[in-house]
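The values are calculated or read from the model by the stated rules, or taken from the named source; none is laboratory data. Because the structure is a prediction, the values reported are computed rather than measured. Reconstructed Cβ throughout: ideal geometry from the backbone, glycine too, with neighbour counts over all protein chains shown.
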Amino acid sequence: MVAVVRLHVNVLVLAVLLVGCGEQRGIRVTRAEHGDSWPFTVDAGTLRCDIDPANPRRKYVTLDTGNGIQYGLNGSARAFGFPDSASIHKPGMVGTNIEPFITRGLTLCK
């Protein structure tokens, strides 16, 4: 029951984040731009950053792959409930440092 309530609250907060943002800004990143260091199985995505209205210090950095799923890149996004980006890491690259993507995504939350 607690998990269901938490899920509903997370969905509600996410809806507020998305509605409050209006047009979402993003940074397009691609396999072509990163070459062999590209850690994901998808060819491209859009980095996004949303600020939690209940706690403005909490920022959710995600990778929107265009398939209807935004993958959580940072701990706050994953704890909030975004799917872990590890599920789209290339084989052999799980655990790869994605900090450069997180840092770049955080620039959108300023």
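Tell me, please, whether a residue that is crowded, with 17+ Cβ neighbours inside 10 Å, in contact (Cβ under 8 Å) with a residue 12 or more places away in the chain, assigned to a helix (DSSP H, G or I) and over 12 Å from the mean Cα position of the chain (by Cα) can be found in the range 28-45.
yes
Kindly provide the set of residues from the range 64-75 that are in a helix (DSSP H, G or I) and modelled with pLDDT under 95, ordered by number. Walk me through how you get there before you give the answer.
To start, the set of residues in the range 64-75 that are in a helix (DSSP H, G or I) comprises 75.
Once the filter is applied, which keeps residues that are in a helix (DSSP H, G or I) and modelled with pLDDT under 95, the range 64-75 yields nothing.
Can you name every residue in the range 76-110 that is of a type in the set (A, V, I, L, M), in a loop (DSSP other than H, G, I, E, B) and surrounded by 14 or more Cβ atoms within 10 Å (Cβ to Cβ)? Explain how you work it out, then say what you get.
Of the range 76-110, the ones of a type in the set (A, V, I, L, M) are 77, 79, 86, 88, 93-94, 98, 102, 106, 108.
Pick out the ones that are also in a loop (DSSP other than H, G, I, E, B) and you get 93-94, 98.
Those that are of a type in the set (A, V, I, L, M), in a loop (DSSP other than H, G, I, E, B) and surrounded by 14 or more Cβ atoms within 10 Å (Cβ to Cβ): Met93, Ile98.
Could you check Ser37 against (1) under 16 Å from Thr103 (Cβ atoms); (2) of a type in the set (S, T, N, Q); (3) modelled with pLDDT of 95 or more and say which number it fails?
Of everything listed in (1) under 16 Å from Thr103 (Cβ atoms); (2) of a type in the set (S, T, N, Q); (3) modelled with pLDDT of 95 or more, Ser37 misses just condition (3).
Tell me which residues, restricted to the range 92-107, are in contact (Cβ under 8 Å) with a residue 12 or more places away in the chain and either more than 15 Å from Ala77 (Cβ to Cβ) or in contact with an Asp or Glu (Cβ under 9 Å, 6 or more places away or on another chain) (or both). First the steps, then the outcome.
Restricting attention to the range 92-107, the residues satisfying the condition of being in contact (Cβ under 8 Å) with a residue 12 or more places away in the chain are 93, 96, 98, 101-102, 104-107.
Within the range 92-107, Met93, Thr96, Thr107 qualify.
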